[in-house]
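K.L.:
The structure follows.
The values are calculated or read from the model by the stated rules, or taken from the named source; none is laboratory data. Just so it is clear, the model here is predicted, and its values are computed rather than measured. Here the Cβ positions follow ideal geometry from the backbone for every residue, glycine too, while neighbour counts run over all protein chains shown.
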């Protein structure tokens, strides 16, 4: 459920706490959708994310589990995450035009981008993804 990369590979190395102010944007997103590729099991969904997906896609949790999401164990907890598909491991919600088919109700972790979370010692800090 965690993505195993070094901080230096994807960020400037600075870590931010919950009260820090960070100027972050998607740097005039060009629609390359690189941020939707190769995420493995790292796009973990919280209960609100699952609720929004169910309501907006008009599907039950069981229906979502048949294609769009899977369950995995992280720190002894069973958590849902978005599925990736194909050899490039693209998000299952990336459409043929390379756009997010669920953008208005996308998961919270996608809304945070380009901020990422760094987990250590049962806590986390944020980092700014600059090489993604």
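K.L.:
So in region 77-107, with the set limited to residues that are in contact (Cβ under 8 Å) with a residue 60 or more places away in the chain and touching a helix residue (DSSP H, G or I) at 6+ places or on another chain (Cβ under 6 Å), which one is nearest to residue 51 (Cα to Cα)? If you could, list the steps in order and put the result at the bottom.
P.N.:
Filtering region 77-107 for residues in contact (Cβ under 8 Å) with a residue 60 or more places away in the chain gives 79, 81, 94, 98-100, 107.
Remaining after also requiring touching a helix residue (DSSP H, G or I) at 6+ places or on another chain (Cβ under 6 Å): 94, 107.
On the way: 94: 19, 107: 10 Å.
Within region 77-107, the match that is nearest to residue 51 (Cα to Cα) is 107.
K.L.:
Could you check residue 59 against (1) part of a loop (DSSP other than H, G, I, E, B); (2) closer than 26 Å to residue 8 by Cβ; (3) without any contact (Cβ under 8 Å) to a residue 24 or more places away in the chain and say which number it fails?
P.N.:
Of everything listed in (1) part of a loop (DSSP other than H, G, I, E, B); (2) closer than 26 Å to residue 8 by Cβ; (3) without any contact (Cβ under 8 Å) to a residue 24 or more places away in the chain, residue 59 misses just condition (2).
K.L.:
Can you name the residue in region 1-14 that is surrounded by 12 or more Cβ atoms within 10 Å (Cβ to Cβ) and under 23 Å from residue 46 (Cα atoms) and is also modelled with the highest pLDDT among such residues?
P.N.:
So the residue we want is 5.
K.L.:
Please go through region 44-56 and give me each residue that is assigned to a loop (DSSP other than H, G, I, E, B) and surrounded by 15 or more Cβ atoms within 10 Å (Cβ to Cβ), ordered by number. Give the derivation first.
P.N.:
From region 44-56, those assigned to a loop (DSSP other than H, G, I, E, B) are 45-46; that's our starting set.
Correct list: 45 only.
K.L.:
Tally time: how many residues in region 73-98 are loosely packed, with under 11 Cβ neighbours inside 10 Å, out of contact with any strand residue (DSSP E or B) (no Cβ under 6 Å at 6 or more places or on another chain) and part of a strand (DSSP E or B)?
P.N.:
Going through region 73-98 one residue at a time, the tally reaches 2.
K.L.:
I've got another one for you. Name the residues in region 25-37 that are closer than 17 Å to residue 87 by Cβ and at pLDDT below 80, would you?
P.N.:
So the first thing to find is which residues in region 25-37 are closer than 17 Å to residue 87 by Cβ, and the list is 33-34, 36-37.
Selection gives 33, 34.
K.L.:
A follow-up question, please. Considering region 99-132 alone, what residues qualify as being within 13 Å of residue 34 (Cα to Cα) and touching a strand residue (DSSP E or B) at 6+ places or on another chain (Cβ under 9 Å)?
P.N.:
Initial filter on region 99-132 (within 13 Å of residue 34 (Cα to Cα)): 99-100, 110, 113-114, 129-132.
Selection gives 100, 110, 113, 114, 129, 130, 131, 132.
K.L.:
OK, next. Taking the options 41, 120, name whichever one is within 24 Å of residue 9 (Cβ to Cβ) and surrounded by 14 or more Cβ atoms within 10 Å (Cβ to Cβ).
P.N.:
Checking each option against the conditions leaves just 41.
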